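Notes to accompany the following structure.
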Amino acid sequence: DSAFEYVAAAAAMAEMAAAIGRADEVAEFEAAGERVRAATERIYRQRERGYYAPAMSALSGELYRYPFANINLCPLWIGYAEPDDRQIENVLNALRWLFRPESGTAKLTPACEYYVGMTPGYVLWALAEIDHPAAAQALRGVLAAAETSGGFAEMNRPDDTPARDVWGLHRVRPWEGGINAGAMLRYLTGFEPDAPNRRVRFAPH
């Protein structure tokens, strides 16, 4: 997960360096990002399973082989990669284990029916980015996961209702609320800002 974030951050730094005329630093940021990307693809990409291993044991080096929603669906959301064949494969193979089409939500792992509040947004964003028809189900899943007040709890139960013993119900949690609102905006409008060039792009689904 941190590798995806590092690569996206390096790309953002390179873009900002270019925008403010610090061309000498662009190559440095790009090289750092590509170094981490190469290691991530080499170590965590499970070719036989078609998705990333979400973790590695610090003791044995063994990979945890099964998908974890908030990690496997992060690359497209954070800007680690474009929706190319590899990322499409990652999304679809991870969701084969996790997606619940009847509700449009997803389990956190194959063995954990509970999920955290931003998981529905990650699912919607990933499916929208690969232009998959199940994104319409995922939009319903984001709405189903919401509290009656419109917020999103830190954790939801398998029936998609907020876990009552989790602190902070019925308020706008910036992490969960931001990701889920951003995913809905992305799906409905395809809004994509380009601040350095003072442009925006819309591609509604």
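The values are calculated or read from the model by the stated rules, or taken from the named source; none is laboratory data. It should be emphasised that the depicted structure is a prediction, and the values quoted were computed from it without experimental measurement. Here the Cβ is made from the backbone with ideal geometry for all residues, glycine too, and neighbour counts use every protein chain on show. Ligands, DNA and RNA are stripped out before the accessible areas are found, and what is left, the full protein with its side chains, is counted by its heavy atoms. Shrake-Rupley method; radii C 1.70, N 1.55, O 1.52, S 1.80 Å.
The rows are residues; the columns are (1) open to solvent by 70 Å² or more (accessible area, probe 1.4 Å); (2) at pLDDT 95 or above; (3) part of a helix (DSSP H, G or I); (4) closer than 19 Å to Trp125 by Cα.
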| residue | (1), (2), (3), (4) |
| --- | --- |
| Phe4 | no, yes, yes, yes |
| Gly21 | no, no, no, no |
| Glu30 | yes, yes, yes, no |
| Pro67 | no, yes, no, yes |
| Arg86 | yes, yes, yes, yes |
| Glu89 | yes, yes, yes, yes |
| Asn93 | no, yes, yes, yes |
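Residue count for segment 154-197 under the criterion of being of a type in the set (Gly, Ala, Ser) and modelled with pLDDT under 90: the result is 3. Tell me which residues, restricted to segment 108-149, are of a type outside the set (Phe, Trp, Tyr), out of contact with any His (no Cβ under 9 Å at 6 or more places or on another chain), assigned to a loop (DSSP other than H, G, I, E, B) and open to solvent by 50 Å² or more (accessible area, probe 1.4 Å). Matches in segment 108-149: Ala111, Glu113, His132, Pro133. Just a yes or no: is a residue in segment 159-173 of a type in the set (Val, Ile, Thr), open to solvent by less than 20 Å² (accessible area, probe 1.4 Å) and either free of Cβ contacts under 8 Å to residues at least 60 places away in the same chain or on the phi < 0 side of the Ramachandran plot (or both)? Looking through segment 159-173, none of the residues is of a type in the set (Val, Ile, Thr), open to solvent by less than 20 Å² (accessible area, probe 1.4 Å) and either free of Cβ contacts under 8 Å to residues at least 60 places away in the same chain or on the phi < 0 side of the Ramachandran plot (or both). For segment 132-172, the tally of residues that are within 21 Å of the chain's Cα centre (by Cα) and among the aromatic types (Phe, Trp, Tyr) stands at 1.
Selection within segment 32-52: residues that are part of a loop (DSSP other than H, G, I, E, B) and on the phi < 0 side of the Ramachandran plot. The member of this set that is least open to solvent (accessible area, probe 1.4 Å) is Arg49.
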